[in-house]
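S.K.: Encoded as structure tokens, here's the structure I'll be asking about.
The values are calculated or read from the model by the stated rules, or taken from the named source; none is laboratory data. Every value quoted in this text rests on a predicted model; they were computed, and no experiment measured them. Positions of Cβ are backbone-derived with ideal geometry, glycine not excepted, and every protein chain shown enters the neighbour counts.
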Amino acid sequence: MKLIEKPVEARVITAVKMNDQQLEALESLLRRKLNKDIVCRVEVNTDIIGGLLIYVDGIIIDHSIKRAIGDMKESIMRGIS
């Protein structure tokens with residue numbers, strides 16, 4: 001008897017609401033990359049400015065504009081010192 005695995009929930013934070021097509025594409029991409037059944041729970045948080053922040057199965061995927069700006073600032077500060 002094969003056990004049926006529960007879908008893994010991905011917490012997805014975006015700066016703007018995702019439409020159904022975007023959500024389906026993201027779930028499909030995560031399924032292929034993680035080889036698991038994924039269900040996304042989407043939250044809107046304008047603090048990330050743009051992009052995506054994903055928490056899934058113990059992994060953090062940060063493609064937010066806020067992080068990118070922080071990385072640039074850090075890089076500039078290293079160049080100044």
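S.K.: Before we move on, is ARG11 farther than 16 Å from HIS63 by Cα, exposed (fewer than 15 other Cβ atoms within 10 Å of the Cβ) and of a type in the set (Lys, Arg)? Can you show your working first?
M.R.: Numbers: farther than 16 Å from HIS63 by Cα: no; exposed (fewer than 15 other Cβ atoms within 10 Å of the Cβ): yes; of a type in the set (Lys, Arg): yes.
For ARG11, the condition - farther than 16 Å from HIS63 by Cα, exposed (fewer than 15 other Cβ atoms within 10 Å of the Cβ) and of a type in the set (Lys, Arg) - is not met.
S.K.: Could you tell me which residue of the range 61-81 is modelled with the lowest pLDDT, considering only residues that are outside any helix (DSSP H, G or I) and among the polar types (S, T, N, Q)? Walk me through how you get there before you give the answer.
M.R.: The initial filter retains those residues of the range 61-81 that are outside any helix (DSSP H, G or I), namely 61-64, 81.
From the residues that got through so far, the ones that are among the polar types (S, T, N, Q) too are 64, 81.
Numbers: SER64: 96, SER81: 62.
Of everything passing the filter in the range 61-81, SER81 is modelled with the lowest pLDDT.
S.K.: Do we find a residue being in contact (Cβ under 8 Å) with a residue 24 or more places away in the chain, in contact with a Ser or Thr (Cβ under 8 Å, 6 or more places away or on another chain) and surrounded by 13 or more Cβ atoms within 10 Å (Cβ to Cβ) anywhere in the range 14-24?
M.R.: Yes, the range 14-24 contains at least one residue that is in contact (Cβ under 8 Å) with a residue 24 or more places away in the chain, in contact with a Ser or Thr (Cβ under 8 Å, 6 or more places away or on another chain) and surrounded by 13 or more Cβ atoms within 10 Å (Cβ to Cβ).
S.K.: Scan the range 8-24 for residues that are more than 10 Å from ARG41 (Cβ to Cβ) and among the acidic types (Asp, Glu) and report the count.
M.R.: So the count comes out to 2.
S.K.: Could we say that GLU74 is touching a strand residue (DSSP E or B) at 6+ places or on another chain (Cβ under 8 Å) and free of Cβ contacts under 8 Å to residues at least 24 places away in the same chain here? Spell out how you get there, then give the answer.
M.R.: On the way: touching a strand residue (DSSP E or B) at 6+ places or on another chain (Cβ under 8 Å): no; free of Cβ contacts under 8 Å to residues at least 24 places away in the same chain: yes.
Against the criterion (touching a strand residue (DSSP E or B) at 6+ places or on another chain (Cβ under 8 Å) and free of Cβ contacts under 8 Å to residues at least 24 places away in the same chain), GLU74 does not qualify.
S.K.: What tally of residues in the range 4-48 results from selecting those that are over 19 Å from ARG67 (Cα atoms) and assigned to a helix (DSSP H, G or I)?
M.R.: The qualifying residues number 15.
S.K.: Out of all the residues in the range 49-60, which are farther than 14 Å from GLU9 by Cβ and assigned to a loop (DSSP other than H, G, I, E, B)?
M.R.: ILE49, GLY50 - these are the residues of the range 49-60 that are farther than 14 Å from GLU9 by Cβ and assigned to a loop (DSSP other than H, G, I, E, B).
S.K.: May I pose another question? Residue check, SER64 against (1) surrounded by 14 or more Cβ atoms within 10 Å (Cβ to Cβ); (2) under 20 Å from LYS6 (Cα atoms), all met but one. Which one?
M.R.: (2)
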